[in-house]
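Asks: Below you will find the structure I want to go over with you.
The values are calculated or read from the model by the stated rules, or taken from the named source; none is laboratory data. Predicted, not measured: the structure shown is a model, and the values here were computed from it. FYI the Cβ positions are ideal-geometry reconstructions off the backbone, even for glycines, and counts take in every protein chain you see. Keep in mind that these areas ignore ligands, DNA and RNA; they rest on the heavy atoms of the full protein, side chains included. Shrake-Rupley method; radii C 1.70, N 1.55, O 1.52, S 1.80 Å.
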Amino acid sequence: MAQHWKTPAGRALRADGLRVADLDTSARPGFRGGKKAGQELLAERSAVLAGLQEKLYANGRSGDTRSVLLVLQGMDTAGKGGIVRHVIGSVDPQGVDHAAFGVPTGQEKKHHFLWRIRKELPRGGQLGVFDRSHYEDVLVARVHNLVPEDVWQKRYDEINRFERKLAEAGTTLIKVAMFISLDEQKKRLRQRLERPDKYWKFNPADIDERGYWPDYQQAYQDLLDRTSTDDAPWYVLPADAKWYARLAVTELLIEALEGLNLQWPPATFDPDTELRRLDSA
C-alpha cells in the first residue's frame, strides 16, 4: 500500500451502501496525510502510473486486446478536466483514448443513446477516459425530462448489460462519481467569472443547474444503487480538495493496472543477432 494510505483507495471509495445526501465532500477517505504529503505522493505515484500504462500500451502493440476505461462523472466544476490534465497528463498520450461527451448532436439523437459511446471505446492496450459518459442519459435526461420516465428507467439495465459485455471482452472499468459541495461549486464558478483566462470555461447554464441540485442528488443515488456491479463498480470521490481527488484517481488506476499483471511483451526477434548486425552496420 502506498505511503499515507491507511486503506487502499479502491476499498475506501467503493460506493456500496453510500448515501449521497450524507456525503462529506471535503473528506479524504482512506488517506491520512495532508495536502503537502498528498502532492508529494502524487508526483511519486504518477511515475508508477506512467510505467504501468506504458506496459499496457506495449502489450496492445503486441496484440493484447485488454484495455482500461476511466469514467469520470460529476456536476459542473467537479474537477473532471483537472483529472484529465494532471493525472492522465502524466502518461504517454499515444496510449490514451480520450472522449468528452456534451449535449448530443442532431446525428447522435437519431441513434440509441449508447451509439456514440460505442464509437469511443478504448482500443486494445489503451487507457480510455470518458469526461462525462453514457450516464448523462440517466442524469441530465432524467432531471430535465428530456425523455419519458419509462425510457430512462430502462436504461439502467441496458447500461449494466453493456458494461458486463465490456468487462467480458477485456475492458477494466473504473467509474468515478465526483462530488463537490454547493459552496465549493460557487467558489469555482466565481473564479471563472473573475479571471479572463477562465471565461472560456464558464457556461451561464451552470448557474441554472444549481437549482436542480436536490434532483441531481437523487438521480446520482439511483445511479449508484442500480449500476454499481461486480463487473463495473462505482467509486464515490469527495472532490472539494483537488489534490486529493487527483491522488485518489491515480491510485485507482494503479490498482486496476496492477490487477492486470502486465509483463513486458517478449521480443519477436533474437536480440543478440540484431546487436551483432547493428555493430557491423
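Asks: Residues to consider are Gly82, Gly89; find the one that is part of a helix (DSSP H, G or I), open to solvent by less than 10 Å² (accessible area, probe 1.4 Å) and under 22 Å from Ala248 (Cβ atoms).
Replies: That would be Gly82, the only listed residue that is part of a helix (DSSP H, G or I), open to solvent by less than 10 Å² (accessible area, probe 1.4 Å) and under 22 Å from Ala248 (Cβ atoms).
Asks: Look at Gln94 and say whether it is without any contact (Cβ under 8 Å) to a residue 60 or more places away in the chain, open to solvent by 40 Å² or more (accessible area, probe 1.4 Å), under 22 Å from Leu69 (Cα atoms) and in a helix (DSSP H, G or I).
Replies: Numbers: without any contact (Cβ under 8 Å) to a residue 60 or more places away in the chain: yes; open to solvent by 40 Å² or more (accessible area, probe 1.4 Å): yes; under 22 Å from Leu69 (Cα atoms): yes; in a helix (DSSP H, G or I): yes.
Here the answer is yes, as Gln94 does meet what is asked.
Asks: Given the conditions (1) within 12 Å of Thr250 (Cβ to Cβ); (2) outside any strand (DSSP E or B); (3) open to solvent by less than 40 Å² (accessible area, probe 1.4 Å), which single one is not true for Asp76?
Replies: (1)
Asks: Return yes when Leu70 is part of a helix (DSSP H, G or I) and crowded, with 18+ Cβ neighbours inside 10 Å and no when it is not.
Replies: It is false that Leu70 is part of a helix (DSSP H, G or I) and crowded, with 18+ Cβ neighbours inside 10 Å.
Asks: Ok, one more. Write out, first by first residue and then by second, each pair whose Cβ atoms fall under 9 Å of each other, whose residues are 6+ apart or on separate chains, and whose first residue, in region 265-278, is touching a residue at least 40 places away in the same chain (Cβ under 8 Å) while the second is among the small types (Gly, Ala, Ser) and open to solvent by less than 70 Å² (accessible area, probe 1.4 Å).
Replies: Every condition considered, the pairs that remain are Pro265/Ala58; Pro265/Gly63.
Asks: Give just the number: which of (1) within 18 Å of Ala256 (Cα to Cα); (2) in a loop (DSSP other than H, G, I, E, B); (3) open to solvent by less than 30 Å² (accessible area, probe 1.4 Å) does Thr25 not satisfy?
Replies: Unmet condition: (1).
Asks: For region 1-51, which residues satisfy the criterion of being touching an Asp or Glu at 6+ places or on another chain (Cβ under 8 Å) and among the hydrophobic types (A, V, I, L, M, F, W, C)?
Replies: Ala2, Trp5, Ala9, Ala50
Asks: Only one of (1) in contact with a Ser or Thr (Cβ under 6 Å, 6 or more places away or on another chain); (2) open to solvent by 20 Å² or more (accessible area, probe 1.4 Å); (3) β-branched (Val, Ile, Thr) fails for Val103. Which number is that?
Replies: Status for Val103: all satisfied but (1).
Asks: Still on this model: Pairs only if they're at least six apart or on different chains, beta carbon under 8 angstrom, first in region 143-161 and touching a residue at least 12 places away in the same chain (Cβ under 8 Å) and β-branched (Val, Ile, Thr), second assigned to a helix (DSSP H, G or I) and open to solvent by 60 Å² or more (accessible area, probe 1.4 Å); list them, first residue then second.
Replies: Val143/Tyr212; Val143/Asp215
Asks: Looking at region 5-12, can you tell me whether even one residue there is in contact (Cβ under 8 Å) with a residue 12 or more places away in the chain, open to solvent by 30 Å² or more (accessible area, probe 1.4 Å) and touching a strand residue (DSSP E or B) at 6+ places or on another chain (Cβ under 6 Å)?
Replies: no
Asks: Another question, if that's okay. Kindly establish whether Gly51 is open to solvent by less than 70 Å² (accessible area, probe 1.4 Å), within 28 Å of Glu158 (Cβ to Cβ), modelled with pLDDT of 95 or more and assigned to a helix (DSSP H, G or I).
Replies: Values: open to solvent by less than 70 Å² (accessible area, probe 1.4 Å): yes; within 28 Å of Glu158 (Cβ to Cβ): no; modelled with pLDDT of 95 or more: yes; assigned to a helix (DSSP H, G or I): yes.
The answer is no for Gly51.
Asks: Could we say that Lys109 is open to solvent by 10 Å² or more (accessible area, probe 1.4 Å) and modelled with pLDDT under 95 here?
Replies: Answer is yes for this residue.
Asks: Restricting to region 244-279, name every residue that is outside any helix (DSSP H, G or I) and of a type in the set (D, E, K, R).
Replies: Answer for region 244-279, where residues must be outside any helix (DSSP H, G or I) and of a type in the set (D, E, K, R): just Asp270.
Asks: Which numbered condition in (1) closer than 17 Å to Ser228 by Cβ; (2) in contact (Cβ under 8 Å) with a residue 40 or more places away in the chain; (3) of a type outside the set (Asp, Glu) is the only one that Arg45 fails?
Replies: In the conditions (1) closer than 17 Å to Ser228 by Cβ; (2) in contact (Cβ under 8 Å) with a residue 40 or more places away in the chain; (3) of a type outside the set (Asp, Glu), Arg45 misses (1) alone.
Asks: If you take the residues in region 240-274 that are aromatic (Phe, Trp, Tyr) and in contact with a Gly (Cβ under 7 Å, 6 or more places away or on another chain), which one is most open to solvent (accessible area, probe 1.4 Å)?
Replies: Here the residue is Trp243.
Asks: Which residue, of Glu163, Glu120, Glu136, Glu149, is acidic (Asp, Glu) and over 19 Å from the mean Cα position of the chain (by Cα)?
Replies: Selected residue: Glu149, the only one of Glu163, Glu120, Glu136, Glu149 that is acidic (Asp, Glu) and over 19 Å from the mean Cα position of the chain (by Cα).
Asks: Somewhere in region 146-153, is a residue at pLDDT 95 or above and under 28 Å from Arg85 (Cβ atoms)?
Replies: No, the conditions are met nowhere in region 146-153.
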